[in-house]
There are 2 protein chains.
Amino acid sequence: MSKWENVSMSVIRRMPRYYRFLTHLKQIGTTRISSKELSEIMGLTASQIRQDLNCFGGFGQQGYGYMVEQLQHEIGNILGISNAYKAILIGAGNLGQALALNMPFGSLGFELTGLFDNAPEKIGTKVGDLPVYDVRKLEDFCAREHPVMAIFCVPREAVETLSDALYRQNVKSFWNFSHFDIAMKYPDAVVENVHLNDSLMTLCYRISNGSD
Amino acid sequence: MSKWENVSMSVIRRMPRYYRFLTHLKQIGTTRISSKELSEIMGLTASQIRQDLNCFGGFGQQGYGYMVEQLQHEIGNILGISNAYKAILIGAGNLGQALALNMPFGSLGFELTGLFDNAPEKIGTKVGDLPVYDVRKLEDFCAREHPVMAIFCVPREAVETLSDALYRQNVKSFWNFSHFDIAMKYPDAVVENVHLNDSLMTLCYRISNGSD
DNA sequence: TAGATTGTTAATCGATTAACAATC
DNA sequence: TAGATTGTTAATCGATTAACAATC
């Protein structure tokens, strides 16, 4: 299934940033760019940019550089953003609603197909055009709709039971905003953690101790 | 000002995770733990844990291990969570409100002291107990209250002007949820980016190409 | 052709892991 | 004292940077 093997996480995590900068360059009308120029804009070395891109193929032209639009397109393909992986979101609180309403899932390779919560006053309401379902109907929904990815915006205590149920239903990718470390439980799951508390603590450390 | 020099970013970013696991261990009543045991719970090597901790001091006891509560406390100190750095949040949309209402700023080294927005219908309303101020009063507020950190929950286009103004007012730490790369503009600023789109794209890549 | 810039190999640097002496 | 586990030095591994031949 894997088109590219042995690409390190460090490289993968830089790809969306390339995509972002190239999208912006395209918007402001830049058509061509060298690794040197891009490196100055992004704060990387030209060498690293060429190494990163050549993990996936040769997208440039010697003596000339890279075509912005083409490269942006290629990186979009690499990331797989034209997929529409069915995703569900669990926990329609403030954060869950913010994500459901603001994330451009369609441009990021996903399609949000269901919201779930356990609070009676939320069940049946709508967030954008998606209804909030009773979390007790989660397994039924999965059996019927076969989502691929689940977003966790629930308290730590709720995650273990929920992720067990989802894993049984073959949902093995998680975008995890909770404090529970899902990855430790399911070795074959794909887990992307967004630990906002950790991020803020890191910032606190850096303020306290100077940036460098 | 810096208590510890030459601690690498890789180590710093692991500290909040140690803090999180130790807090949980404490809650479930574990009083003592060896680097070996902790490594199994966290999915690291015992060696790495000992190396990481010894960047900041010797918190263990040979032949015995680490006292959970004491170590948790020490890491809290290292991270500086007993500070109350004044923070402001700009952009009181869904995401901004979610952060203002849900983040336990007080336990993470910060105190949220002001919210700002440019939408007339939001100005004057309250989010939790904090009023939303007119973003045009941002500089006045900074001159008076001297916040240290700013949280950006606004569109890319708005960030550059705002961060310039804040930088002039000596706000040089940013928790950045926007797509604008603040760090490139102010070399001496402390910037912690939370690029949710990038995170989701990375997840998409990993689903498309297998986790490993 | 000459100049520029890629793709790729080789060198360096930093981070992780292993090993072990110190010591509780 | 014997056993266990740390703190720390040394070895390994991987990621970044530098160099340069290929080539547009």
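Values in this text are rule-based calculations from the coordinates and carry no lab data. Bear in mind that the values here come from a model prediction, so they are computed numbers and not experimental data. Cβ coordinates were reconstructed from backbone atoms using ideal geometry, including for glycine residues, and neighbour counts include every protein chain displayed.
Summary of values
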read-out	value
Region A:79-93, subset crowded, with 19+ Cβ neighbours inside 10 Å, more than 7 Å from chain B (Cβ to nearest Cβ) and among the hydrophobic types (A, V, I, L, M, F, W, C), residue nearest to the chain's Cα centre (by Cα)	A:ALA87
Enumeration of residues in region A:158-184 that are in a helix (DSSP H, G or I) and within 12 Å of another protein chain (Cβ to nearest Cβ)	A:ILE182, A:ALA183, A:MET184
Any hit, region A:112-133, residues being assigned to a loop (DSSP other than H, G, I, E, B) and of a type in the set (Ser, Thr, Tyr)	yes
Residues that are loosely packed, with under 13 Cβ neighbours inside 10 Å and in contact (Cβ under 8 Å) with a residue 24 or more places away in the chain, drawn from region A:52-78	A:TYR64
Enumerated helices (runs of 4 or more DSSP H) restricted to region A:33-79, each holding at least 1 residues that are touching a Leu at 6+ places or on another chain (Cβ under 7 Å) and closer than 20 Å to A:VAL7 by Cβ	A:46-53, A:68-79
Odd one out for A:PHE110 among (1) touching a strand residue (DSSP E or B) at 6+ places or on another chain (Cβ under 9 Å); (2) farther than 21 Å from B:ASP198 by Cβ; (3) at the interface with chain B (Cβ under 10 Å from one of its Cβ atoms)	(2)
Filter pass, B:GLY96 being surrounded by fewer than 17 Cβ atoms within 10 Å (Cβ to Cβ) and either away from DNA strand D (no atom under 15 Å from the Cβ) or not in a helix (DSSP H, G or I) (or both)	no
Cβ pairs under 7 Å, 6+ apart, first in region B:1-20 and part of a loop (DSSP other than H, G, I, E, B), second within 15 Å of DNA strand D (Cβ to nearest atom)	B:TRP4/B:CYS55; B:TRP4/B:PHE56; B:VAL7/B:CYS55
Residue in region A:42-63 that is over 30 Å from A:THR30 (Cβ atoms) and touching a Phe, Trp or Tyr at 6+ places or on another chain (Cβ under 7 Å) present	no
B:THR45, sole failed condition from (1) β-branched (Val, Ile, Thr); (2) within 11 Å of DNA strand C (Cβ to nearest atom); (3) within 14 Å of chain A (Cβ to nearest Cβ)	(3)
Residue within region B:132-154 that is within 19 Å of A:ASN94 (Cα to Cα) and surrounded by fewer than 16 Cβ atoms within 10 Å (Cβ to Cβ) present	no
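Results for (1) under 30 Å from B:ARG136 (Cβ atoms); (2) more than 13 Å from DNA strand C (Cβ to nearest atom), shown as yes or no for each residue.
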{"residue": "B:ASN6", "(1), (2)": "no, no"}
{"residue": "B:HIS24", "(1), (2)": "no, yes"}
{"residue": "B:LEU53", "(1), (2)": "no, no"}
{"residue": "B:ILE75", "(1), (2)": "no, yes"}
{"residue": "B:GLN97", "(1), (2)": "yes, yes"}
